[in-house]
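Chemist: Shown below is the structure under consideration.
Every number here is computed from the coordinates shown, using simple stated rules; none is lab data. Computed from a predicted structure; not experimentally measured. Please note: Cβ atoms are built from the backbone with ideal geometry, for glycine as well, and neighbour counts cover all protein chains shown.
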Number of protein chains: 2
Amino acid sequence: MKLVSFEINTALGQARRIGVPIDGDETGRIADLTGCYAAYLASETDEPTPRQIAAVRCPPDMIGWLKGAHKSRAAAEEAAGWISEKLITAKDPTGIRGERLVFPRDEVKLLAPVPRPGALRDFSIFQTHMSNADVPFKKTKHWYVTPPYYKGNCDTITGPEEPVPFPYYTERLDLELELGIIVGKKGTNLTIDEAKDHIAGYTILIDPSCRDGYKREPFGPNKRKDFCTPMGPCLVTSDSIDERNIACRIEVDGETWWEGNTGEPRSFWAEHLVAYVSDNETVFPGDIIGTGTIGLGCSMDIHKWPQVGQNMTFTMQGIGSMTLAIVKGDERVRHVDGMSGLLEYPGEDI
Amino acid sequence: MKLVSFEINTALGQARRIGVPIDGDETGRIADLTGCYAAYLASETDEPTPRQIAAVRCPPDMIGWLKGAHKSRAAAEEAAGWISEKLITAKDPTGIRGERLVFPRDEVKLLAPVPRPGALRDFSIFQTHMSNADVPFKKTKHWYVTPPYYKGNCDTITGPEEPVPFPYYTERLDLELELGIIVGKKGTNLTIDEAKDHIAGYTILIDPSCRDGYKREPFGPNKRKDFCTPMGPCLVTSDSIDERNIACRIEVDGETWWEGNTGEPRSFWAEHLVAYVSDNETVFPGDIIGTGTIGLGCSMDIHKWPQVGQNMTFTMQGIGSMTLAIVKGDERVRHVDGMSGLLEYPGEDI
């Protein structure tokens, strides 16, 4: 099953909802999940309070829906089945309060499946990643048993219809193609086997990285990555896709830059990463865990670099496709160029 | 002004609230802010809906209160002034629905001032920090103009009454004493001068760090720090304290391990850090920004190491004091020791 988060303009302002891409992928119509489930309950069951139950089982936000686990999943399946059936005879079906239940694609704006997760961690588990770079990232013995990751910025996650800013403080912007694991269920100190049950699904995760400024950031990437993390176009539930075999492609203005597969040599499966994060920590519904660049799917390895004005298309078979425009970033302040501080550099590192 | 977040047991279960330490510091009574403001409005003004206004101006969560900015601050001052006056004659005053307004210290549990911030960033701006370590952290020319930081785990923040786990995967646990800056107002691309107005206040921030396992984590600290970040005991508003001159002390089981001051040589003031974070990012109410260890205030520099069973007391003049017990961490899983992965280490780093 696929789900999307989307924004819709109404007479009462913008609203954020979750929905089902009813024509099979993100290019088709979007059915409003909360409305459809309420309408299904009202017309097909003896439920006395359909709107209230729909608000609990299929709330209009993805994290709320994920919290409902198997119950919310079953409700979503019922709602999706019901509206598909309905669409055979009704062109523009409405819900129990007259609300529209299905939106043409061009009337909605798709958001990241989880627009604002509680945590974003991004690993590096593919063996060939950075192997073709000018300065390769060499995999140590630690890399094979304890997967390295950084923590990202949850407040700059963007959706498939937002541009990617090219920050003033980089000359080399690299959009890494990754698989995003979406946590479904809260868990602490999980075994690898237990962790499987805590994965709700997958999405495309793009990790825009500045390939300079490393010396500025000795404690992990900050300004190099935190300005933007696109995700989308949908969440594909883990039972609907094999994360070990997803064909991937990067195209720039129509030209193919790279093709690969999530089955390329990697140190761990998704459940290892979830289990590892949960060790002495807790994973929560909606938390995002990236795999790191799949194979050679980034500029460091393919030696082609995106520029302002270009459009990059990222495709993963079974998930969908996103085309992201590269635009000039904001320069109102330029602190990353260096701020005038309180101490003078003494001329040598001490 | 000082504010705290606290938990109280009621006949309807635990509730989280914010309050004012009405006797001046965290050792005395705590006045419930929402209840006091509603009672003040009902008894001293012509407000027709005191509970509703109190829920907006002084909601029971710190981030909600911070969002109200100067309006919520004025309301809190009125509530605190009113209850102080009231306590001269009433021993256990009650609110408009019979709720208790003031709690003896031992009836509440203090939480981190912001129990679950949206973001946690921790800098390293003090010049002598790690200068006395076995392997010093040398400050480069970049350090003087672009302050380095790491991003922490917002889901393992603990309060002044919670123990600190000693993880199974470290032999050297170091509790770094830091000043925590609490963001008050949303802002993007702020100048350094503008950033001043985005600081709501300060708290004590303890950064428990494992001083081993560095090679496991090449992209910044994860398991080394993410298991716990204590904060407290209160938020002191920025107009009530001079962050450039706060006396600090670390004691362990009654013995003083270190004394220092936030005025020790540092690269930047608080507003620089807020402005820097906001460059191509957004800061939000409740976001936490740590200064990094103040002076030599950590085990790496003083060469004394906390052990399970010890109690560490951290004091900052004008903020308060927290005593944290060191306890054995959880060992249900031991993934950080190394997981059996999908690839074999080929015997050399490639």
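Chemist: Which far-off residues, 5 or more places away or on another chain, put their amide H under 5 Å from the one on B:Ala31, with H placed in the peptide plane?
Modeler: Result for B:Ala31 returns B:Val20, B:Ile22, B:Phe103.
Chemist: How big is the dipole moment of chain B about its Cα centre under a simple scheme where the beta carbon of each Lys and Arg is +1, that of each Asp and Glu is -1, and everything else is neutral? Debye, nearest 20, please.
Modeler: Numbers: 38 positive and 51 negative charges, 92 e Å.
It comes to approximately 440 debye.
Chemist: Next question, about the same structure. Among B:Gly260, B:Gly309, B:Gly13, which one shows the biggest mean-square fluctuation in a GNM of chain B, springs joining Cα atoms closer than 10 Å?
Modeler: Of B:Gly260, B:Gly309, B:Gly13, the Gaussian network model singles out B:Gly13 as fluctuating most.
Chemist: Cross-link partners among lysines for B:Lys186, C-alpha distance below 19 Å, same-chain residues fewer than 8 apart left out?
Modeler: Reachable lysines: A:Lys223, B:Lys67, B:Lys71, B:Lys151, B:Lys196.
Chemist: Can you give the local net charge around A:Asp197? Use residues other than it whose beta-carbon is closer than 12 angstrom to its beta-carbon, Lys and Arg +1, Asp and Glu -1. Display every interim value, and only then the final one.
Modeler: Numbers: positive: A:Lys185, A:Lys186, A:Lys196; negative: A:Asp193, A:Glu194, A:Asp239, A:Glu271.
Result for the local shell: -1.
Chemist: If each Cα of the protein assembly as shown is one equal point scatterer, what is log10 of I(q)/I(0) from the Debye formula at q = 0.11 Å⁻¹?
Modeler: One equal scatterer on each Cα of the protein assembly as shown leads to -1.24.
Chemist: Restricting to Cα atoms and excluding each atom paired with itself, what does the Kirkwood estimate give for the stretch A:74-165 in Å? All intermediate terms of the calculation are to be shown ahead of the outcome.
Modeler: Numbers: mean 1/r = 0.0550 Å⁻¹.
One decimal place: 18.2 Å for the Kirkwood radius.
Chemist: When Lys and Arg each count +1 and Asp and Glu each count -1, what net charge do the other residues less than 12 Å away from A:Met312, Cβ to Cβ, add up to?
Modeler: Working: positive: A:Arg249, A:Lys304; negative: A:Asp174, A:Glu176, A:Glu251, A:Asp253, A:Glu255.
Here the count lands on -3.
Chemist: By per-residue mean of other Cβ atoms within 10 Å, what is the highest-first order of B:81-94, B:32-45? Mind dumping the intermediate values first?
Modeler: Values: B:81-94: 13.6, B:32-45: 23.0.
Put in order of decreasing packing, that is B:32-45, B:81-94.
Chemist: Also, quick follow-up: Which log10 I(q)/I(0) values, to two decimals, does the stretch A:128-278 give at q = 0.11, 0.12, 0.21 Å⁻¹ under the Debye formula with one point per Cα?
Modeler: So the normalised log intensities work out to -0.49, -0.59, -1.74.
Chemist: Next question, about the same structure. Pick out the long, greasy-scoring helices in chain B: whole DSSP H runs spanning 24 Å or more along their own axis by Cα, mean Kyte-Doolittle at least -0.5.
Modeler: On the way: long enough: B:69-89 (31 Å, -0.29).
Qualifying helices, which must be both long enough and hydrophobic enough, are B:69-89.
Chemist: What average count of beta carbons from other chains do you get within 10 Å of the Cβ of residues in A:265-272?
Modeler: On the way: counts 2, 3, 5, 5, 2, 0, 0, 5.
Mean partner-chain Cβ count within 10 Å for A:265-272: 3.
Chemist: Projected area of the stretch B:1-141, taken from the Cα convex hull and averaged over every viewing direction, in nm²? Could you put the intermediate results ahead of the total?
Modeler: Values: hull surface 49.0 nm².
Dividing the Cα hull surface by four gives the mean projection, 12.2 nm².
Chemist: Using only Cα atoms, locate the centre of the stretch A:141-156 and the centre of the stretch B:45-88, then give the distance between them in Å, rounded to an integer.
Modeler: 43
Chemist: Could you work out Rg/(2.2 N^0.38 Å) for the stretch B:224-350, with Rg from alpha carbons only? Write out the running numbers ahead of the final one.
Modeler: Values: Rg = 19.3 Å, N = 127, 2.2 N^0.38 = 13.9 Å.
Ratio of Cα Rg to 2.2 N^0.38 Å: 1.39.
Chemist: Under a 5 Å amide H to amide H cut-off, with H placed in plane at 1.01 Å, what residues pair with A:Thr229 once short-range neighbours are removed?
Modeler: For A:Thr229, the qualifying residues are A:Ile157, A:Thr158.
Chemist: Let me spell out the model: positive unit charges on the Cβ of Lys and Arg, negative unit charges on the Cβ of Asp and Glu, origin at the Cα centre of the stretch A:193-318. What dipole size does that give, in debye rounded to 20?
Modeler: So the magnitude is around 640 debye.
Chemist: Taking a label point 7 Å out from Cα toward Cβ, give me the nm distances from A:Gln310 to the same spot in the other copies, shortest first, one decimal.
Modeler: Spelled out, the distances from A:Gln310's label point are 5.4 nm.
Chemist: Can you tell me the Rg and Dmax of chain B, counting just the alpha carbons, in angstroms?
Modeler: Looking at chain B, its Cα Rg and Dmax stand at 21.5, 78 Å.
Chemist: Check each of the GluC sites (Glu not before Pro) in the stretch A:271-350 and keep only those in coil by DSSP with at most 12 other C-beta atoms within 10 angstrom; list them in order. Display every interim value, and only then the final one.
Modeler: Numbers: sites: A:Glu271, A:Glu281, A:Glu331, A:Glu344, A:Glu348; in loops: A:Glu281, A:Glu331, A:Glu344, A:Glu348.
Those satisfying the criteria are A:Glu344, A:Glu348.
Chemist: Report the residue, chosen from A:Glu251, A:Glu176, A:Glu26, that carries the largest GNM mean-square fluctuation when chain A is represented by alpha-carbon nodes joined by springs under 10 Å.
Modeler: Highest fluctuation of the listed residues: A:Glu251.
Chemist: Over all directions, the average projected area of the alpha-carbon convex hull for the stretch A:22-73 comes to how many nm²?
Modeler: Across all orientations, the stretch A:22-73 yields a mean hull projection of 4.0 nm².
Chemist: Find how many whole Å separate the alpha carbon centroid of the stretch B:214-244 from the alpha carbon centroid of the stretch A:188-244.
Modeler: 23
Chemist: If you keep only loop residues by DSSP, which trypsin sites (Lys or Arg not before Pro) in the stretch A:126-179 have at most 15 other Cβ atoms within 10 Å of their Cβ? Don't jump to the answer; show the numbers that get you there.
Modeler: Details: sites: A:Lys138, A:Lys139, A:Lys141, A:Lys151, A:Arg172; in loops: A:Lys138, A:Lys139, A:Lys141, A:Arg172.
Listed in order of number, the matching sites are A:Lys138, A:Lys141, A:Arg172.
Chemist: Defining the label point at 7 Å along Cα→Cβ, can you sort the distances from A:Glu344 to the same site in each other copy, shortest first, in nm?
Modeler: 5.9
Chemist: Right, next: Using the Cβ atoms and a cut-off under 14 Å, what net charge is assigned to the surroundings of B:Leu296, where Lys and Arg are +1 and Asp and Glu are -1? Provide the component values of the computation, followed by the final result.
Modeler: Values: positive: B:Arg249, B:Arg266, B:Lys304; negative: B:Asp134, B:Asp174, B:Glu176, B:Glu178, B:Glu259, B:Glu264, B:Asp301.
Around B:Leu296, the charge tally is -4.
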